[in-house]
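Here's the structure we're looking at; comments come further down.
The values are calculated or read from the model by the stated rules, or taken from the named source; none is laboratory data. This one's a predicted model, so the numbers in the text were calculated from it and none came from an experiment. Glycine also receives a Cβ, built like all others from the backbone with ideal geometry; neighbour counts cover every protein chain displayed. Please note that ligands, DNA and RNA were not included when accessible areas were found on the heavy atoms of the full protein model with its side chains. Shrake-Rupley method; radii C 1.70, N 1.55, O 1.52, S 1.80 Å.
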Amino acid sequence: MSQNVSALLYIVSGVLFIMALRGLSHPTTSRQGNLYGMIGMGLAVLTTLVGHPPAGVGAWALIILGLAIGGGAGAVIAKRVPMTAMPQLVAAFHSLVGLAAVAGAAATLYAPQAVGILENGHIHKESLFEMALGVAIGAITFTGSVIAFAKLDGRMSGKPIMLPQRHAINIALGIALVVLIAIFIGTESKAIFWLIVLLSFALGGLLIIPIGGADMPVVVSMLNSYSGWAAAGIGFTLGNLALIITGALVGSSGAILSYIMCKAMNRSFFSVILGGFGGDAAAGPAGAVETRPVKQGSADDAAYIMKNAERVIIVPGYGMAVAQAQHSLREMVDMLKKEGVDVKYAIHPVAGRMPGHMNVLLAEANVPYDEVFELEDINGEFPQADVAFVIGANDVTNPAAKTDKASPIYGMPILDVEKAKTVLFIKRGMGSGYAGVENEVFFRDNTMMLFGDAKKVVDSILKNL
Ligand code: NAP
């Protein structure tokens, strides 16, 4: 295959990736977006294999074995993973992207003749620079993602671990890395290359350990961005257009996503990176919460209140995802609509544990898209609503974000559920949300707590309707 043809095919796969991102931006088109992405990746892999055919049967066998093992494992894991474990799965997969960047750079360093980056027996300086940068970012992504996975999966405490002098240590490591990269470019030394890898592994872990669980989704998206830039760097070294395009797309979309999440939580990107949020308070519910009385209701009460309401706004959150209550919820809403109740869903941009989490679950339960509203489009309607039905959400409804400057969620935009005539709150107990802060709405006169697993409570409301 001529270089022009393979460049053209790589550009076609790049366009397919862009169409995939576009498709994934809305639930109605996301399946199609996924399909474009798969076709694009298939085309890119085929173009590489045909354009640079592996030398010999052994190499072909290795590639096919790799595809079968990787593809097989990916398919099985994706089929089995529950929606609630998606953030840690993404973190685990990013660690592999980081490791792939390290392996790619090492392979290039040990066999530079294979990718044509040699001149007079030496590797081009710019290739050495790309290699060093790609391997450093890849190694940081690897250990950072492993820590993010361990925290999100509960294998490691979600609490920020404040190492003494951590900023000084990180800065020293950063400076040492820059010096080593400069020496590597000058000397082409393999030992220095591996030192860069080791130092970057350490830096990745040290950067992520102090960051609390509540900020992990932002970190995962940031690491996603890093892994993209690492891939793009290696793409330059290998002269592979597809890798450069894909890496840049992943790098920029990850960075934009981190920015959107920070904005929705009203946190600066740097305060996330410097760590500390979701600390002691996130360890558990505040002691005072348990002692104050709350008004408790039954499924029967909830059914009665909602049947007699004119307008109900549903506010789903992380607990709905845990309980997988979305299907029962839709059935409940169908019943209410039959009774002539006007029902809408209000989605907070960071409800759940990843952007779009609630939209995906509601789409899975076939909730019509025109009933689902973003925060800014529906917040003004709570004062006219008879019922705000909060199902497994907590932080995203906490008015302390508007009033309490000392609260870790201060400044985050909030769904004004307390302005509805009645607030029905489904949760299992008085536990706090991810940010670990108390929610005043539980104790208000117009609030009725419905304790229990979200799915079970909705199912019994359904029976009572
Ligand atoms: P949340 O504040 O974490 O609260 C979820 C509530 O669900 C908990 O209080 C829990 O209370 C309840 N719950 C858990 N399992 C349940 C079950 N099986 N049945 C019923 N209730 C259950 O959730 P949120 O309001 O969705 O807020 C999201 C949080 O994640 C925010 O702090 C946000 O900043 C953070 N975050 C989200 C993203 C994102 O992209 N979405 C990114 C970064 C950070 P009980 O234990 O009492 O049941």
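Quick notes on this one:
- Residue, farthest from Val220 (Cα to Cα), within segment 357-374, restricted to residues that are open to solvent by 30 Å² or more (accessible area, probe 1.4 Å) and not in a helix (DSSP H, G or I): Pro368
- For segment 335-349, a tally of residues being part of a strand (DSSP E or B) and of a type in the set (Asp, Glu) returns 1.
- Selected residue (criterion: nearest to the chain's Cα centre (by Cα)) from residues of segment 429-450 that are assigned to a strand (DSSP E or B) and surrounded by fewer than 22 Cβ atoms within 10 Å (Cβ to Cβ): Met449
- Total residues in segment 400-426 satisfying the condition of being in a loop (DSSP other than H, G, I, E, B) and crowded, with 18+ Cβ neighbours inside 10 Å: the figure is 9.
- Test for Phe389: is it more than 23 Å from the chain's Cα centre (by Cα), hydrophobic (A, V, I, L, M, F, W, C) and either modelled with pLDDT of 90 or more or in a helix (DSSP H, G or I) (or both): yes
- Residue within segment 9-26 that is within 19 Å of Gly356 (Cα to Cα) and outside any helix (DSSP H, G or I) present: yes
- Every residue from segment 436-465 that is of a type in the set (Lys, Arg), closer than 15 Å to Val294 by Cβ and within 9 Å of the ligand (Cβ to nearest atom): none
- Of the helices (runs of 4 or more DSSP H) that lie entirely inside segment 158-277, those containing 2 or more residues that are closer than 30 Å to Gly40 by Cα span 216-238, 241-264.
- Qualifying positions in segment 394-435 - within 12 Å of the ligand (Cβ to nearest atom) and of a type in the set (Asp, Glu): Asp395
- Cβ-Cβ distances below 6 Å connect the following pairs, each with a first residue in segment 411-424 that is assigned by TED's automatic domain parsing to the domain that holds Gly380, a second residue that is part of a loop (DSSP other than H, G, I, E, B) and among the hydrophobic types (A, V, I, L, M, F, W, C), and a separation of six or more residues or different chains: Met412/Met265; Ala420/Ala385.
- Matching residues, segment 288-334, being assigned to a strand (DSSP E or B) and either out of contact with any Phe, Trp or Tyr (no Cβ under 8 Å at 6 or more places or on another chain) or open to solvent by 10 Å² or more (accessible area, probe 1.4 Å) (or both): Gln296, Arg311
- The listed residues are Gly23, Gly74, and the only one of them that is surrounded by 12 or more Cβ atoms within 10 Å (Cβ to Cβ) and over 20 Å from His94 (Cβ atoms) turns out to be Gly23.
- Condition met for Gly352 (part of a loop (DSSP other than H, G, I, E, B), on the phi > 0 side of the Ramachandran plot and open to solvent by less than 30 Å² (accessible area, probe 1.4 Å)): yes
- Tabulated pairs, segment 57-86, first in contact (Cβ under 8 Å) with a residue 60 or more places away in the chain and more than 22 Å from Leu46 (Cβ to Cβ), second small (Gly, Ala, Ser) and open to solvent by less than 60 Å² (accessible area, probe 1.4 Å), C-beta under 8 angstrom, 6+ apart or interchain: Met83/Ala321; Thr84/Ala321
- None of Ser221, Ser200 is farther than 14 Å from Ala136 by Cβ, polar (S, T, N, Q), touching a residue at least 12 places away in the same chain (Cβ under 8 Å) and open to solvent by less than 10 Å² (accessible area, probe 1.4 Å) except Ser221.
- Leading residue by the ranking (nearest to Met86 (Cα to Cα)) among those in segment 154-173 that are small (Gly, Ala, Ser) and modelled with pLDDT of 80 or more: Gly154
- Qualifying residue in segment 327-335 (condition: out of contact with any Cys (no Cβ under 9 Å at 6 or more places or on another chain), within 12 Å of the ligand (Cβ to nearest atom) and closer than 19 Å to Leu450 by Cα): yes
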